[in-house]
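S.K.: Below you'll find the structure I mean.
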Amino acid sequence: MDDARVEGAPLIAPSSTDHPLYDDVVEACRTVFDPEIPVNIYDLGLVYTISISAENEVRIIMTLTAPGCPVAGEMPGWVADAVEPLAGVKQVDVDLTWEPQWGMEMMSDEARLELGFM
């Protein structure tokens, strides 16, 4: 059942929110900023899934505000560089996805407030 289009399957896979490293990984993601928008990628809603295995292998599925984003090739590396130094993290893989497409409704209330949308 690897097909993301399986009936009833979520478009965004669930995160490992109960893993002890989850909050630290989120905070590390908050240190990475979209160069065109002065808000971190987590609060922008660009991080879709943070999956952490029992062996502390972290897989992050993220998107960008637009496929033509000038840092598309660099952003996953920035995220990996932010997460890898965390104590306990064994390995980090960052994958880009375009499904579902990012939209402004994915931003946190803090990001909307900071950008003047609230």
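The values are calculated or read from the model by the stated rules, or taken from the named source; none is laboratory data. These figures come from a predicted structure and were not determined experimentally. Here the Cβ positions follow ideal geometry from the backbone for every residue, glycine too, while neighbour counts run over all protein chains shown.
S.K.: Show the residue pairs that are 6+ apart or on different chains and have beta-carbon atoms under 7 Å apart, the first residue being within the range 9-23 and modelled with pLDDT of 95 or more and surrounded by 10 or more Cβ atoms within 10 Å (Cβ to Cβ), the second being hydrophobic (A, V, I, L, M, F, W, C) and part of a loop (DSSP other than H, G, I, E, B).
M.R.: Between residues of the range 9-23 that are modelled with pLDDT of 95 or more and surrounded by 10 or more Cβ atoms within 10 Å (Cβ to Cβ) and residues that are hydrophobic (A, V, I, L, M, F, W, C) and part of a loop (DSSP other than H, G, I, E, B), the close pairs are 21/86; 21/89.
S.K.: Can you find a residue that is among the acidic types (Asp, Glu) and under 18 Å from residue 31 (Cα atoms) anywhere in the range 48-69?
M.R.: Within the range 48-69, not a single residue is among the acidic types (Asp, Glu) and under 18 Å from residue 31 (Cα atoms).
S.K.: Looking only at the range 61-114, filter to residues that are among the β-branched types (Val, Ile, Thr) and at pLDDT below 90; which one of those is surrounded by the fewest Cβ atoms within 10 Å (Cβ to Cβ)?
M.R.: 71
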